Every structure is written in structure tokens, then in C-alpha cells.
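Inspection log for the structure reproduced underneath, given as C-alpha cells.
Nothing in this text is a laboratory measurement; each read-out follows from the coordinates by a stated rule. Note that this is a predicted model, so its numbers are computed, not measured. No Cβ is skipped: glycine too gets one built from the backbone with ideal geometry, and neighbour counts run over all protein chains shown.
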């Protein structure tokens, strides 16, 4: 039985290899990164840019799997909360983002929740 006023949860995961050729394509930067993220990307060493781009790609894929958002990926602003967790908000849903790296793979898990109205 579902408890009254319990939150509704959304979960999505994704993994990608940041050595894939597409993460070397500059056109992808404008397609998936917000202007703030594009500035962060531009200040990274060239060797770090594919990993950064792959991380944001995987975050957006995990968000899509968790919650089939209809906005452009470049509209999703990812910030840090007061505990330094990566978070984003879509349609009044707070998504907490976890990113892990192993070798050349980026693993992302997102957990969102919303209180019923």
C-alpha cells in the first residue's frame, strides 16, 4: 500500500566510454552543454575535454531514462547543492547526480524525487 504524501522517485543510469570519437567533435559541445558548461569546458586542458563532455552526455542520458524530459539537453543546468552534490531541477523535480569513473568509462546515476501535490 502506498503511503499518503510519500515522494515519487525517478531513477536513471548510463555509462559511456570517453575515448569514443564523438567526444572529440566540437559540434557536440554546443549541442549538449549550457553556456556556463561551455565556458568550463573551454578552460580545461585538451586532454580533459572528452572526459568532461562524456560526463555531461551520460548525465543527460540518465536523466532521459529517469524522466523523459522534453527540453533541449543544452537547457539542463547542473549545479552543486550545499553538500557539494551535483544536482539539477526539471519540472520541479530535484535530481541528485552521482558520477563515477573506472578506466575510460564514465558511470552516472540520477535519482529524482517529487512530493505529490
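So for the chain, considering every pair of alpha-carbon atoms, how many percent are separated by more than 20 Å? Mind showing how you got there, number by number?
Working: 2937 of 6786 pairs.
For the chain, the fraction of Cα-Cα distances above 20 Å is 43 percent.
Please report the projected area of the range 1-45's Cα convex hull averaged over all directions, in nm².
The directionally averaged projection comes out at 5.9 nm².
Please give the helix 49-66 orientation as an angle from the longest Cα principal axis of the chain, in degrees from 0 to 90, rounded to the nearest 10.
Helix 49-66 sits at roughly 20 degrees to that axis.
Going by Cα centres, the range 22-37 and the range 88-106 are how many Å apart?
17 Å
Using a basic spin-label model with each label point 7 Å from the Cα along Cα→Cβ, how many nm lie between residue 117 and residue 75?
The two pseudo-label positions are separated by 1.8 nm.
Can you divide the C-alpha Rg of the range 53-117 by 2.2 N^0.38 Å and report the result to two decimal places?
Ratio of Cα Rg to 2.2 N^0.38 Å: 1.11.
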